[in-house]
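Once you've had a glance at the structure underneath, I'll fire off some questions.
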Amino acid sequence: MRVRVHNRVLALLWLLGLAAAVGVACLTHAPNRLVTGTGIRFGSVLHGANLLVLLPGLWLGLAAFLRTTWRVQVSVLIAATLWLAGLVYIGGAEATRLAEVDSAYSRTSFGGGFWIMLTLGWLIAADALSRLKLKPVAAVLVGLAVLAPLVAQLASGHLANLSVLKEYANRQDVFNDALSRHLEIVAATLIPTLLIGVPLGVLAYRRQGVRPPLFGVLNVIQTVPSIALFGLLIAPLAALAAHVPVLAQWGIGGIGTAPAIIALTLYSLLPMVRSTTAGLEQVPASVVDAARGMGLSARQIFWRVEVPLALPVLLAGLRITTVQAIGLTTVAALIGAGGFGAIMFQGLLSSAIDLVLLGVAPVIALAVAADALFKLLVALVAFGEKR
Amino acid sequence: MSRTRAGWADPLLWSGGVLLLLIFGMPLLTPLFRELFPELDRPLYLQETFPALVAAHLGIVAASSAVAIVLGLGAGVLVTRAAGKDFRGLVETVVAMGQTFPPVAVLAVAVPLIGFGVWPALIALALYGLLPIVQSTIAGIESVPESVREAARGLGMNPLRVLWQVELPLALPVLIAGIRTSVIINIGTAAIASTVGAKTLGSPIIVGLSGFNTAYILQGALLVALLAIVTDLAFDRLQTRLQRGRATVPAAAPIARATTQTARSTP
């Protein structure tokens, strides 16, 4: 029997993972939070029960030589899930062990090697998942199942001795405030975006003539970088609040949450209007004609035919808008809007890397979660319509 | 999308003119800023000159975009060849996943790995800028009809010539759309990079925000905004020229262009 690599993608990712395991420190350990840590190699954390993580790791390497049948892909997906869970478990366990051996002030964090191996593990899982060609709803659910063990370990407190979570424990109140403020800003952006964006999209759909000026203006706004738009709004809004005291009472001013929401809404309009128009446009004319033939009024056609059929595209636009708003809210911390950006920039300005991570990681998690949620929603709506 | 207007009404011409005037003539506006912000002792940002800031900003954007174009084009071409098609799904997954990350997060994550200064900015911008270029390279090459490729092969062209003389020229409009998205995102992210220690047009904004100097903020913000708008208009002009230059744009190209544009996000 000839040995042959059947899955070149898996083989490449596995070799990269091996290189990272051998060549890059997987954990860093420091006596306190201020000094730079020393690296710990992957080999030296592999003792006792930790060695079990090699089983799924080796299977992944072996699977590259097997035919890419459905069964093999499922086994790769399970092995990648176990690999991710195992790596994170080892990280948490080692951090706890080192905290007991060393002083309570010692800091252990994931090093480059761990991050690379985790990323590669996730890519292996994502590649196996895409090869299984599942329906969109199932694909999102399986993707969540791959991440579930990691979330469970985080929630159970197993990772509590990792440096970034010690930082979290020290500032739990700040973190929770940042989370609620971040979500508030995103939610407060989406409401005016829907209220203004959807009607504008319907208008652009009905009147061709409106499109060039409308999309022209929205495109220019979208082109202006966020930090510049926040900056440009400061002077006019501050002046407005100084002359109209009522506005100042509502919290509108040069800096703070209100200008952030105004700027984010301006950005969100382009994807929202564009997807509304595109969604309505892709409704087949024949369907509208048939509805008219059945004697439906223009209003009934709009609400019962055009809107439901446009919904998937509209939701896709809302997905882009939400993911974008979650990211831009981070920048809004620069004008005092709060949120995770405040933690991140504080970390950047004081060179505290764990603090940067504490601010960035939840933003990425929120963006990925919102993305998955809307994809699931689009899939469910499309599924519902087919039935 | 936009017709090219001649003379004074050309938006590219006058916005470019205003940008140049502001870059070189900002000190002349000192009396105006003094009038607008009477409470400020120093109404003009003087730590660096504005031409120097613009040059530094454009330097970072140009260097990172050049790297992103070379790597993005390479990856896009590779996964559309027969030899690399196994990796296409993986590359598309990475691109889709990467674009849900906010650019500022990529910038912040680069700091722990690389340190402060201009390097994390360059690397983060190049990495993030890759994504739309890979996406548009794949979309552009995909938009070339199989029949055209067949015909080129029938003429006796080898695979390299098919790529160079048929696929890439036909993919160019879509490709330029991707590069446009990438460069515009990079102009904005470079401004935020002043928080990680790179000297860019964001520096007056950050200094102004931390020192409550609204005039500094306004000066930096105006220049960053105009720089992005002028660059976008220039790309728009380039795309219009390209489309006018060829009568036989593949039918799929506008659709692919629309998809790459929808994926665009603002830093």
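The values are calculated or read from the model by the stated rules, or taken from the named source; none is laboratory data. Remember, it's a predicted structure, so these values are computed and weren't measured experimentally. Please note: Cβ atoms are built from the backbone with ideal geometry, for glycine as well, and neighbour counts cover all protein chains shown.
Could you run through the stretch A:82-104 and say how many residues are part of a helix (DSSP H, G or I), closer than 13 Å to A:Ala160 by Cβ and of a type in the set (Gly, Ala, Ser)?
Of the residues in the stretch A:82-104, 5 are part of a helix (DSSP H, G or I), closer than 13 Å to A:Ala160 by Cβ and of a type in the set (Gly, Ala, Ser).
So the check is Cβ under 6 Å with 6+ separation or different chains; which pairs have a first residue in the stretch B:43-64 that's without any contact (Cβ under 8 Å) to a residue 40 or more places away in the chain and a second one that's aliphatic (A, V, I, L, M)?
Hits for this filter: B:Pro51/B:Ile23.
Quick grid of which residues meet (1) under 25 Å from B:Val118 (Cβ atoms); (2) out of contact with any strand residue (DSSP E or B) (no Cβ under 8 Å at 6 or more places or on another chain); (3) touching a residue at least 60 places away in the same chain (Cβ under 8 Å):
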residue	(1), (2), (3)
A:Leu315	no, yes, yes
A:Gly338	no, yes, yes
A:Ile343	yes, yes, yes
A:Gln346	yes, yes, no
A:Leu355	yes, yes, yes
A:Gly359	yes, yes, yes
A:Val363	yes, yes, yes
A:Asp371	no, yes, no
A:Ala379	no, yes, yes
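Let me ask you something else. Quickly run through the stretch A:129-140 and pick out the residues that are assigned to a helix (DSSP H, G or I) and touching a residue at least 60 places away in the same chain (Cβ under 8 Å).
Residues of the stretch A:129-140 that are assigned to a helix (DSSP H, G or I), as a first pass: A:129-131, A:136-140.
Matches in the stretch A:129-140: A:Arg131, A:Pro136, A:Val137, A:Val140.
Okay, residues lined up against (1) closer than 17 Å to A:Val9 by Cα; (2) assigned by TED's automatic domain parsing to the domain that holds A:Leu12; (3) not hydrophobic (A, V, I, L, M, F, W, C):
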| position | (1), (2), (3) |
| --- | --- |
| A:Val53 | no, yes, no |
| A:Trp59 | yes, yes, no |
| A:Ala64 | yes, yes, no |
| A:Trp70 | yes, yes, no |
| A:Leu77 | yes, yes, no |
| A:Ala80 | yes, yes, no |
| A:Gly86 | no, yes, yes |
| A:Glu94 | no, yes, yes |
| A:Arg97 | no, yes, yes |
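Among the residues that make up the stretch A:315-328, is at least one of them among the small types (Gly, Ala, Ser) and touching a Pro at 6+ places or on another chain (Cβ under 6 Å)? Give the derivation first.
Taking the stretch A:315-328 as the starting set, the residues that turn out to be among the small types (Gly, Ala, Ser) are A:316-317, A:325, A:327.
Filter once more, so that each one left must be touching a Pro at 6+ places or on another chain (Cβ under 6 Å): A:317, A:327.
The answer is yes, given that some residue of the stretch A:315-328 is among the small types (Gly, Ala, Ser) and touching a Pro at 6+ places or on another chain (Cβ under 6 Å).
Taking A:Leu194 as meeting all but one of (1) free of Cβ contacts under 8 Å to residues at least 40 places away in the same chain; (2) among the hydrophobic types (A, V, I, L, M, F, W, C); (3) under 29 Å from A:Ala332 (Cβ atoms); (4) surrounded by 15 or more Cβ atoms within 10 Å (Cβ to Cβ), write down the number of the exception.
Condition not satisfied by A:Leu194: (1).
Among the candidates A:Ala20, A:Ala64, single out the residue that is within 14 Å of chain B (Cβ to nearest Cβ), of a type in the set (A, V, I, L, M, F, W, C), touching a His at 6+ places or on another chain (Cβ under 9 Å) and surrounded by 17 or more Cβ atoms within 10 Å (Cβ to Cβ).
Values: A:Ala20 fails: touching a His at 6+ places or on another chain (Cβ under 9 Å).
When all the criteria are applied, what remains is A:Ala64.
Filter the stretch A:98-115 down to the residues that are under 18 Å from the mean Cα position of the chain (by Cα) and either over 12 Å from A:Leu87 (Cβ atoms) or of a type in the set (Val, Ile, Thr) (or both) and list them by number.
Narrowing the stretch A:98-115 to residues under 18 Å from the mean Cα position of the chain (by Cα): A:115.
Within the stretch A:98-115, none qualify.
Tell me, which residue of the stretch A:127-141 that is crowded, with 17+ Cβ neighbours inside 10 Å and within 18 Å of the chain's Cα centre (by Cα) is farthest from the other protein chains (Cβ to nearest Cβ)? Outline the logic, then answer.
Of all residues in the stretch A:127-141, those crowded, with 17+ Cβ neighbours inside 10 Å come to A:127-129, A:131, A:139-140.
From the residues that got through so far, the ones that are within 18 Å of the chain's Cα centre (by Cα) too are A:139-140.
Details: A:Ala139: 11, A:Val140: 13 Å.
Filtering first and then ranking leaves A:Val140.
Please find, within the stretch A:1-17, the residue that is surrounded by the most Cβ atoms within 10 Å (Cβ to Cβ) out of those that are free of Cβ contacts under 8 Å to residues at least 40 places away in the same chain and within 14 Å of chain B (Cβ to nearest Cβ).
Taking the stretch A:1-17 first, the residues free of Cβ contacts under 8 Å to residues at least 40 places away in the same chain are A:1-2, A:12, A:15.
When the remaining residues are screened for being within 14 Å of chain B (Cβ to nearest Cβ), the result is A:12, A:15.
Details: A:Leu12: 17, A:Leu15: 13.
Here the residue is A:Leu12.
Residue-by-condition table, conditions (1) touching a Lys or Arg at 6+ places or on another chain (Cβ under 7 Å); (2) free of Cβ contacts under 8 Å to residues at least 12 places away in the same chain; (3) of a type outside the set (Val, Ile, Thr); (4) within 18 Å of A:Val381 (Cβ to Cβ):
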site	(1), (2), (3), (4)
A:Ser275	no, no, yes, yes
A:Ser286	no, yes, yes, no
A:Asp289	no, yes, yes, no
A:Arg292	no, yes, yes, no
A:Gly295	no, yes, yes, no
A:Ala298	no, yes, yes, no
A:Phe302	no, yes, yes, yes
A:Glu306	no, no, yes, yes
A:Leu311	no, no, yes, yes
